[in-house]
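Q: This is the structure I want to talk about, given as structure tokens.
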Amino acid sequence: MRIAVCQTSSIPGDKAKNIEKIRAIARTAASWKADLLVLPELFLTGYNVGSRMRDLAEARDGPSLRSIGEIARNESCAIAVGFPELRGDELFNSSALFDAQGKLTAVYQKIHLFGADEKCLFSPGKELVVARLGDRVVGMAICYDIEFPEMARELKRRGSEIIIVPTANMAPYFQVPTTFIRARALENGVFVAYANLCGSEGDLEYTGLSGISGPDGIDLARAGPRGEALLLAQLPDKSPSDSFSTQIEDLQLPFSR
């Protein structure tokens, strides 16, 4: 399996433009023959949009997610992306996973909400989610979740070989993308694909440093703290010698084939 992780910024409040950005990124990932593309937390709407979040939220069968499913199908590349999910009267910080046929395979609702703002906006999720993607088992987490060793351990116990982590990690927490992500990978013998936002959004400055860490705790690919980057790593089928990684940084959107 080839995993692509995109470090980028979203356009706050503009779902249509963010979907077009997903389309461009997915096209490039597909040209690299990626099997899975992981995008940041709440990428569909922007993370720091405050009280507008509820108005921007959609159900998991809403028009924006249907459009992302179509992108996955058209590019034959699975996509994981963060979005605000409206379910009944409750709002969740969620991540959707589409397979390469465009089917919505799983939705995970963030359990560990970070800080007063998230706790004010969102209800906490209650269930861990593990999904099969091709011949791999994928565990789902969002940002702050991965800072808790117990969560990664339970995802591993449920069969996860890869943990995907859409993220909106901000300054001053620069140690999280490197120290914690490598530790979770090494502790559990799993791959961790961590897709963070970059740049600034309102009063938040994101740390970037997106990465793909291997079961030995060593990075297969790592972006810098600033600028957009698309990372690619081949997960070995038989032995570590089957793996490779590459990255392009400071990409200018839209991406092209």
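The values are calculated or read from the model by the stated rules, or taken from the named source; none is laboratory data. Every value quoted in this text rests on a predicted model; they were computed, and no experiment measured them. When we count neighbours, we look across all protein chains shown, and the Cβ atoms used for this are built from the backbone with ideal geometry, even at glycine. Accessible surface areas use protein heavy atoms only, side chains included; no ligands, DNA or RNA. Shrake-Rupley method; radii C 1.70, N 1.55, O 1.52, S 1.80 Å.
Q: I'd like to know if the range 115-126 contains one or more residues that are more than 24 Å from SER210 (Cα to Cα), open to solvent by 10 Å² or more (accessible area, probe 1.4 Å) and in contact with a helix residue (DSSP H, G or I) (Cβ under 6 Å, 6 or more places away or on another chain).
A: yes
Q: Looking at the range 42-64, I want the residues that are closer than 17 Å to LEU97 by Cα and have a partner that is open to solvent by less than 30 Å² (accessible area, probe 1.4 Å) and in a helix (DSSP H, G or I) with Cβ atoms under 6 Å, at least 6 apart or on another chain. Which pairs are those?
A: Cβ pairs passing all conditions: LEU44/ASN18; LEU44/SER64; THR45/LEU56; GLU58/SER64.
Q: Just for strands (runs of 3 or more DSSP E) wholly inside the range 190-257: which have at least 2 residues that are at pLDDT below 95 and polar (S, T, N, Q)? Give the derivation first.
A: Numbers: elements: 191-196, 211-213, 219-222, 229-234, 244-249.
In the range 190-257, the matching strands (runs of 3 or more DSSP E) lie at 244-249.
Q: If you check SER67, SER95, which single one turns out to be among the small types (Gly, Ala, Ser) and open to solvent by 10 Å² or more (accessible area, probe 1.4 Å)?
A: On the way: SER95 fails: open to solvent by 10 Å² or more (accessible area, probe 1.4 Å).
Only one candidate qualifies: SER67.
Q: Restricting attention to the range 10-22, and to residues there that are open to solvent by 40 Å² or more (accessible area, probe 1.4 Å) and of a type outside the set (D, E, K, R), which single residue is farthest from the chain's Cα centre (by Cα)?
A: ALA16
Q: Hey, another quick one. So ARG158 fits all but one of (1) more than 27 Å from GLY134 (Cα to Cα); (2) open to solvent by 20 Å² or more (accessible area, probe 1.4 Å); what number is the exception?
A: It fails just one condition, (1).
Q: Being within 21 Å of ALA195 (Cβ to Cβ), part of a strand (DSSP E or B) and in contact with a Lys or Arg (Cβ under 9 Å, 6 or more places away or on another chain), is that true of even one residue in the range 111-132?
A: Checking the range 111-132: at least one residue is within 21 Å of ALA195 (Cβ to Cβ), part of a strand (DSSP E or B) and in contact with a Lys or Arg (Cβ under 9 Å, 6 or more places away or on another chain).
Q: Right, another one. If a residue has to be out of contact with any strand residue (DSSP E or B) (no Cβ under 7 Å at 6 or more places or on another chain) and open to solvent by 80 Å² or more (accessible area, probe 1.4 Å) to count, how many in the range 49-62 make the cut? So that I can check it myself, show each step before the final result.
A: Residues of the range 49-62 that are out of contact with any strand residue (DSSP E or B) (no Cβ under 7 Å at 6 or more places or on another chain), as a first pass: 49-52, 55, 61-62.
Still in the list and also open to solvent by 80 Å² or more (accessible area, probe 1.4 Å): 51-52, 55, 61.
Number of matching residues: 4.
Q: Report every pair of residues separated by at least 6 positions or lying on different chains whose Cβ atoms are under 9 Å apart, first residue within the range 75-101 and within 21 Å of MET1 (Cα to Cα), second modelled with pLDDT under 95 and surrounded by fewer than 17 Cβ atoms within 10 Å (Cβ to Cβ).
A: ALA78/GLY134; ASP99/GLY134; ALA100/GLY134
Q: Considering (1) surrounded by fewer than 23 Cβ atoms within 10 Å (Cβ to Cβ); (2) touching a residue at least 60 places away in the same chain (Cβ under 8 Å); (3) touching a His at 6+ places or on another chain (Cβ under 9 Å); (4) of a type outside the set (Lys, Arg), say which one GLY202 fails and leave the rest.
A: Condition (3) is where GLY202 drops out.
Q: Something else now. Looking at ARG153, is it modelled with pLDDT of 95 or more, in contact with a helix residue (DSSP H, G or I) (Cβ under 7 Å, 6 or more places away or on another chain) and open to solvent by 60 Å² or more (accessible area, probe 1.4 Å)?
A: Details: modelled with pLDDT of 95 or more: yes; in contact with a helix residue (DSSP H, G or I) (Cβ under 7 Å, 6 or more places away or on another chain): yes; open to solvent by 60 Å² or more (accessible area, probe 1.4 Å): yes.
Yes: the conditions hold for ARG153.
Q: Test each condition in (1) part of a loop (DSSP other than H, G, I, E, B); (2) open to solvent by 40 Å² or more (accessible area, probe 1.4 Å); (3) in contact (Cβ under 8 Å) with a residue 24 or more places away in the chain; (4) over 18 Å from CYS6 (Cβ atoms) for LYS33 and report the one that comes out false.
A: Single failed check for LYS33: (4).
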